[in-house]
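Have a look at the structure below before the remarks.
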Amino acid sequence: AGFLAPLLSSLLSDSPHRLSDLASSTMVTVENSDAVFPSGTVNGVEQTGHVPIPPSRSFLATFRANLKETFFPDDPLRQFKNERGSRRFLMGLKYFFPVLEWLPSYDRSAFKSDLVAGITIASLAIPQGISYAKLANLPAILGLYSSFVPPLVYAMMGSSKDLAVGTVAVASLLIASMLGKEVPPSQNPTLYLHLAFSATFFAGVFQTSLGLLRLGFIVDFLSHATIVGFMAGAATVVCLQQLKGMLGLQHFTTATDLVSVMESVFTQTHQWKWESAVLGGSFLFFLLLTRFLSKKGPKFFWVSAAAPLTSVILGSLLVYFTHAENHGVQVIGNLKKGLNPPSLTKLVFSPPHMAVALKTGIITAIIALAEGIAVGRSFAMFKNYHIDGNKEMIAFGMMNIAGSFTSCYLTTGPFSRSAVNYNAGCKTAMSNVVMAVAVAITLLFLTPLFHYTPLVVLSAIIVAAMLGLINYEAAMHLWQVDKIDFCVCIGAYLGVVFGSVEIGLVIAVAISILRVLLFVARPRTTVLGNIPNSSIYRRMDQYSEAQSVPGVLILRVDAPVYFANASYLRERLA
């Protein structure tokens, strides 16, 4: 250890002469490498241990190289080099509109597959869209609007073949909790609606900006452990919120924490309606049963996909023929016919409410990006193709901007709908177009059929979907692999369940950033030893066969050596 103190001082020195002296010393250490060679003869080859100093570069050249490495590691402009005029313009259009790449070679066989997939996900998108809009305390028709315009935009600009665009429960919950604190939807529904459009617009602008400025790495601060805990906590909160519909309660708390919800439920036991509870429990059992059956094999995927729409149809018929709405079972009521009305003039850009719309938009944008890009990359890996994260951010942002102009609220790529799209055999993003056409037909002609749809069925659909987000197996895996990641996961979960969605998100991100800082400021240092009869060096605490080199202590530092950890490493090696 005493030998390494002057060595570290040499590493931290800015003097090239001292570095040169270090390079020509009696040993050569290759940090973070498999091999460390002392000076002398190795395998009959003389090793001098001399490493020449690289030529110096100007500040501007160094700054440009670092900037390119950070923000443009994939060099997105390389395809435009040596191209001129109309050719460059056409390639630019293809870069931002991937539909121009695959549409010219689109054939009838691919359309047949996309047609089946699009109709299948439409049968799931219609009941889910209505359910999630009610979860966001928005008019139910907005759920259908949001499944029409955004999928069309994504089909033109998105690079994923399997992503199915639509509303999601977590973003709906965030909108309800964050906007509802400032403007209760029951007291001022018009302003609340306008703020939802405004939050969607700000989310789209934020997502597009991240993509254009190549700042997608910001989303990486939401680690896998963070997302697992946050999604599980949000799913738990959403399920608790559905007790209002499952029990037929008229009044319910606007808070999302566990204590407030339980207090609201058990202080109104005299208002519980057994009709709603039996109906909701029956449809929830049916939905969970179909999910279980769909897991028997890929060919049974349609059983679970068709279950929500089947539940809506059966529930509506049951209410219609039994007049259950007269016995305490609440129904959706009238849904406005027609396509999306414009909402550009309804956006709020003035205080005091603009701030809450901006805050809600940024937070929901990050959550939507994290979920959508993760889902897209997962299915792209299954089919062995690549999607550009920054281009996906631009596509998400543009579809939300367009949605905010056409009476839609925040959309992304939900896992459940994308999984159905994948299992249905989709070939391209044309399946989103087919879904949008099916939703448009519903908006134009079929909305009166949803008048008798019971709210309790929508609650059962939401609960069934949310139970799939509680990934306890991933949490147990985190416990086995990394205890700190498990703490991040549990911190996010408890923060959401006992605090609020925003508190849980802040706790999770704060713990993740703190962990990154600790790994940089307090890097792990390990002693390396030689694997006999090889030039491979490995950690001696993990590899029992590794042997130390006589007279030399080989140390690996699992982080760059710079000002944040220099003092710590000097003390550690002293």
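Side notes on the structure shown:
- Annotation: Leu443 fulfils all but one of (1) over 21 Å from the mean Cα position of the chain (by Cα); (2) part of a loop (DSSP other than H, G, I, E, B); the unmet one is (2).
- From the options Gly143, Gly204, residue that is free of Cβ contacts under 8 Å to residues at least 60 places away in the same chain, part of a helix (DSSP H, G or I), under 22 Å from the mean Cα position of the chain (by Cα) and on the phi < 0 side of the Ramachandran plot: Gly143
- Checklist (1) closer than 19 Å to Ser418 by Cα; (2) modelled with pLDDT of 85 or more applied to Pro298, failing item: (2)
- Residue within segment 387-394 that is crowded, with 24+ Cβ neighbours inside 10 Å, touching a residue at least 60 places away in the same chain (Cβ under 8 Å) and charged (D, E, K, R) present: yes
- Taken as a whole, the condition of being more than 21 Å from Ile462 (Cα to Cα), among the aliphatic types (A, V, I, L, M) and in contact (Cβ under 8 Å) with a residue 24 or more places away in the chain applies to Leu193.
- The set of residues in segment 375-386 being open to solvent by 30 Å² or more (accessible area, probe 1.4 Å) and at negative phi consists of Arg377, Ser378, Met381, Phe382, Lys383, Tyr385, His386.
- Matching residues in segment 71-109 - criterion: being outside any helix (DSSP H, G or I), surrounded by 13 or more Cβ atoms within 10 Å (Cβ to Cβ) and modelled with pLDDT of 75 or more: Phe97, Pro98, Leu103, Tyr106
- Strands (runs of 3 or more DSSP E) fully within segment 518-574 counting 3 or more residues that are among the polar types (S, T, N, Q) and farther than 23 Å from Ile484 by Cβ: none
- Test: residue in segment 374-382 that is polar (S, T, N, Q), closer than 23 Å to Thr208 by Cα and assigned to a helix (DSSP H, G or I): yes
- Per this entry, Ser159 is counted among residues that are farther than 21 Å from Phe230 by Cα, in a loop (DSSP other than H, G, I, E, B) and touching an Asp or Glu at 6+ places or on another chain (Cβ under 8 Å).
- Inter-residue pairs, beta-carbon under 8 Å, first farther than 17 Å from Met398 by Cβ and among the acidic types (Asp, Glu) and in segment 355-372, second open to solvent by 30 Å² or more (accessible area, probe 1.4 Å) and part of a helix (DSSP H, G or I), 6+ apart: Glu371/Ile227; Glu371/Phe415
- Among residues of segment 330-357, those that are outside any loop (DSSP other than H, G, I, E, B), more than 30 Å from Ser459 (Cβ to Cβ) and open to solvent by less than 40 Å² (accessible area, probe 1.4 Å), counted: 0
- Where a residue in segment 257-271 is over 15 Å from Met246 (Cα atoms) and touching a residue at least 60 places away in the same chain (Cβ under 8 Å) and its partner, wherever it lies, is open to solvent by 60 Å² or more (accessible area, probe 1.4 Å) and in a helix (DSSP H, G or I), with Cβ under 8 Å and at least six apart: Asp257/Phe498; Leu258/Phe498; Val259/Phe498
- Scanning segment 395-413 for residues that are open to solvent by 10 Å² or more (accessible area, probe 1.4 Å) and not in a helix (DSSP H, G or I) gives a single hit, Thr406.
- Flag if Ser416 is assigned to a helix (DSSP H, G or I), open to solvent by 40 Å² or more (accessible area, probe 1.4 Å) and either of a type in the set (Phe, Trp, Tyr) or under 30 Å from Lys181 (Cα atoms) (or both): yes
- Output for segment 164-186, where each listed residue is touching a Leu at 6+ places or on another chain (Cβ under 9 Å), open to solvent by less than 40 Å² (accessible area, probe 1.4 Å) and part of a helix (DSSP H, G or I): Ala169, Val170, Ala171, Ser172, Leu173, Leu174, Ile175, Ala176, Leu179
- Scan of segment 358-374 for residues that are surrounded by fewer than 18 Cβ atoms within 10 Å (Cβ to Cβ) and closer than 14 Å to Phe201 by Cβ, ordered by number: Lys359, Ile362
- Only residues that are open to solvent by 100 Å² or more (accessible area, probe 1.4 Å) and either within 20 Å of Leu215 (Cα to Cα) or in contact with a Lys or Arg (Cβ under 9 Å, 6 or more places away or on another chain) (or both) were counted across segment 53-70, and they come to 4.
- Boolean, Ala234 is open to solvent by less than 40 Å² (accessible area, probe 1.4 Å), outside any loop (DSSP other than H, G, I, E, B), of a type in the set (Gly, Ala, Ser) and within 30 Å of Tyr95 (Cα to Cα): no
- Taking the numbered list (1) in contact with a helix residue (DSSP H, G or I) (Cβ under 6 Å, 6 or more places away or on another chain); (2) surrounded by fewer than 24 Cβ atoms within 10 Å (Cβ to Cβ); (3) part of a helix (DSSP H, G or I) in turn, Asn432 passes all entries but (2).
- Where Ser276 falls short, out of the listed (1) under 32 Å from the mean Cα position of the chain (by Cα); (2) crowded, with 19+ Cβ neighbours inside 10 Å: (1)
- Segment 187-220, subset closer than 23 Å to Val356 by Cβ and at pLDDT below 85, residue least open to solvent (accessible area, probe 1.4 Å): Val219
- Some residue of segment 261-272 being in contact with a His (Cβ under 9 Å, 6 or more places away or on another chain) and either open to solvent by less than 20 Å² (accessible area, probe 1.4 Å) or closer than 30 Å to Arg515 by Cα (or both): yes
- Checked against the criterion of being touching a Ser or Thr at 6+ places or on another chain (Cβ under 7 Å) and open to solvent by less than 10 Å² (accessible area, probe 1.4 Å), the candidates Leu144, Leu135 yield just one match: Leu144.
The values are calculated or read from the model by the stated rules, or taken from the named source; none is laboratory data. Being a predicted model, the structure only gives us computed values, none of them experimental. Here Cβ is always computed from backbone atoms with ideal geometry, including for glycine, and neighbour counts include all displayed protein chains. For the accessible areas, the whole protein counts, side chains as well, though only heavy atoms, and no ligand, DNA or RNA atoms are used. Shrake-Rupley method; radii C 1.70, N 1.55, O 1.52, S 1.80 Å.
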